[in-house]
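Engineer: This is the structure, below, for whatever I ask next.
The values are calculated or read from the model by the stated rules, or taken from the named source; none is laboratory data. Everything quoted here is computed from the prediction, not taken from an experiment. Backbone-built Cβ (ideal geometry, glycine too); neighbour counts: all protein chains shown.
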Amino acid sequence: MASYFDEHDCEPLHSEQDARTNMLLELARSLFNRMDFEDLGLVVDWDHHLPPPAAKTAVENLPRTVIRGSQAELKCPVCLLEFEEEETAIEMPCHHLFHSNCILPWLSKTNSCPLCRHELPTDDDTYEEYRRDKARKQQQKHRLENLHGAMYT
């Protein structure tokens, strides 16, 4: 039976070289765990990536609305067909109505309303952290603008 090193056409590391490699890996792990990635520009910039799909639980919990009366004149913004009376439509949190056959494929690809971009929660923890960070920055910017405006009133 051939040895691992013969099979993979490689040489075993010498113990001194192996110790240095392990120290470098440990240093890299240590730096990685303590580093501020935002300062390094390594934070995932979702502005240049597609958002993830909406969370399955969020989609399942969207209210279903039975179309009645004057709502029958409304059109689904995706397919542009009018809703039928007594038809069931899916209502987004922003109150836009859609045929289920129109909105469900959309939400399986992205987490927002196709009309106003109101976002639903996702199952992607990284994206959710990005959203929270973006909201915090927006609040901070708003507070600074209010503070600046209050100085001159």
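Engineer: Need pairs with beta-carbon distance below 6 Å; first residue more than 15 Å from residue 56 (Cα to Cα) and within the range 105-129, second hydrophobic (A, V, I, L, M, F, W, C) and in a helix (DSSP H, G or I); sequence gap 6+ or separate chains.
Structural biologist: Going by the 6 Å Cβ cut-off, the qualifying pairs are 114/106.
Engineer: Oh, and also: Give the number of residues within the range 76-95 that are within 16 Å of residue 116 (Cα to Cα) and not hydrophobic (A, V, I, L, M, F, W, C).
Structural biologist: 4
Engineer: I would also like to ask the following. Scan the range 96-141 residue by residue and report those that are of a type outside the set (D, E, K, R), at pLDDT below 95 and more than 19 Å from residue 53 (Cβ to Cβ).
Structural biologist: 135, 138, 139, 140
Engineer: Something else: I'm told residue 65 meets every condition in (1) at pLDDT below 95; (2) exposed (fewer than 11 other Cβ atoms within 10 Å of the Cβ); (3) of a type in the set (Ser, Thr, Tyr) except one. Can you identify the failing condition by its number?
Structural biologist: Result: residue 65 fails condition (2) only.
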